[in-house]
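Here the structure comes first, spelled out in structure tokens, and everything after it is commentary.
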Amino acid sequence: MIILGATSDISQAFVEKVLSETKEIIPEVYLITSNPKETERFARHIQVKYKQESKVIHLDITKEIDYSLFQNIESQLVFCATGFLGKNTEDGLYDEKNTERIIEINYSKLVPLINFWAQKFEEARKGTIIGLSSVAGLRGRQSNFIYGSAKAGFMVYLDGLRNYLFHKNVHVMTVLPGFMDTKMTAGLPLPKPLTANPSQAASIIYKAYKKKKNKIYVTGIWWVIMSIVTNIPEFIFKKMKM
């Protein structure tokens with residue numbers, strides 16, 4: 001099992017869900033992260049709680065990627081929760097470094113990385129890729145459209161990859177979280193009725209993965225919300241503050 005974005009609360013909750021549910025022996029869990037110190041703590045946690053061996057691999061996705069780090073990794077599951085919210089307010093909109101980082105981490109540097117394992121899975125004719133996009137990618141809104149545009153690109157990439165790999169017996173699943181109570185959203189005034197915690201999200205994602213779902217919302221209410229948002233006529237929508 002390969003985890004991209006291993007410091008993510010959802011990633012860690014998903015790993016624990018798999019380990020608590022699976023009856024098969026997982027030879028090793030590969031925790032790929034930009035924060036190895038924090039991830040080492042999680043690695044020790046799953047070793048103590050589940051007797052699960054893991055390997056922490058340091059990767060800064062904004063730098064040039066050394067793919068030789070992954071050549072000898074064998075896996076049938078890639079779970080990708082790599083993401084960067086960045087500054088989406090007015091002070092971040094025209095910050096070039098902020099914009100570049102949002103696009104790189106959420107899309108442009110992420111796609112070639114997932115393609116690396118997609119090719120391996122295609123050759124083996126088996127495997128699953130789970131990618132976390134965002135409801136922000138369904139329609140550009142003034143509050144987060146840089147982040148949303150990167151997530152939209154990632155979502156379309158997963159759509160196409162799913163279509164391509166279906167004929168190669170490889171499953172690709174897109175996950176659309178709404179508001180999530182995680183480290184990335186700490187301090188944001190999120191409405192509790194619309195906000196899920198990582199444990200709830202992991203359980204929903206795991207069930208969908210076992211059923212080989214294609215695209216899921218973490219909570220159904222977001223399907224309703226985004227169905228309304230995406231169908232607002234543009235001449236009205238452009239005047240709204242969302």
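Odds and ends about this structure:
- Applying Stokes-Einstein at 25 °C and 0.890 mPa s to the Kirkwood radius of segment 1-135, computed over alpha-carbon pairs, gives a translational diffusion coefficient of 155 µm² s⁻¹.
- Rounded to 10°, Cα long-axis angle of helix 36-50 versus longest principal axis of the chain: 60
- Under a model in which nothing but the beta-carbon of Lys, Arg (+1) and Asp, Glu (-1) is charged, the chain shows a dipole of about 840 debye around its Cα centre.
- In this rough spin-label picture, where each label sits 7 Å from Cα along the Cβ direction, the Phe145-Lys23 distance is 5.3 nm.
- Positive-end extreme of charge dipole, the chain - chosen from Pro112, Phe70, Gly160 (charges on Cβ): Gly160
- Backbone HN-Hα couplings from phi across segment 21-28 [Karplus 6.51/-1.76/1.60, Hz, Gly and Pro as x]: 9, 6, 9, 8, 7, 9, x, 6
- A straight line joining the Cα centroids of segment 79-122 and segment 1-60 runs 21 Å.
- Only protein atoms count toward the accessible area here, which uses a 1.4 Å probe; on the chain, the carbon and sulfur part of that area reaches 54 percent.
- The alpha-carbon of Lys109 sits under 17 angstrom from the alpha-carbons of these lysines, leaving out residues fewer than 8 places away in its chain: Lys63, Lys97, Lys151.
- Between 0 and 90°, nearest 10: helix 110-124 axis offset from the chain longest Cα axis: 40
- The simple Förster model, with R0 at 35 Å and r as the Cβ-Cβ distance, assigns Phe116 and Ile221 a FRET efficiency of 0.50.
- Listed by chain and number, the lysines placed with their C-alpha closer than 23 angstrom to that of Lys126 are Lys17, Lys23, Lys55, Lys168, Lys207, Lys210, Lys211, Lys212, Lys213, Lys215; residues fewer than eight positions away on the same chain are left out.
- Cβ-defined net charge surrounding Glu96, 14 Å radius [Lys, Arg +1; Asp, Glu -1]: -1
- Counting DSSP beta bridges with both ends in the chain, the antiparallel % (nearest 5): 0
- Rounded to the nearest 0.05, the FRET efficiency derived from the C-beta distance between Lys126 and Lys239 at R0 = 45 Å is 0.35.
- Residues in segment 51-186 average 49 Å² of solvent-accessible surface per residue, probe 1.4 Å, ligands and nucleic acids excluded.
- Value of [θ]222 nm, deg cm²/dmol, for the chain, DSSP H segments ≥ 4, -39500 (n - 2.57) each, nearest 500: -13000 deg cm²/dmol
- The convex hull of the Cα atoms of segment 13-87, projected and averaged over all directions, covers 6.0 nm².
- Principal-axis analysis of the Cα atoms of the chain puts helix 145-166 at an angle of about 50° to the longest axis.
- Per-pair calculated FRET efficiency, R0 = 25 Å: Asn231 and Asp159 via Cβ, rounded to 0.05: 0.80
- Residue-by-residue Karplus 3J(HN,Hα) for segment 216-232, coefficients 6.51, -1.76, 1.60, Hz, glycine and proline x: 10, 8, 5, 10, x, 4, 6, 5, 5, 4, 6, 5, 5, 4, 6, 9, 6
The values are calculated or read from the model by the stated rules, or taken from the named source; none is laboratory data. Being a predicted model, the structure only gives us computed values, none of them experimental. Positions of Cβ are generated from backbone atoms using ideal geometry, with glycine treated the same way; all protein chains shown enter the neighbour counts. Calculation scope for accessible area: heavy atoms of the full protein, side chains included, ligands and nucleic acids excluded. Shrake-Rupley method; radii C 1.70, N 1.55, O 1.52, S 1.80 Å.
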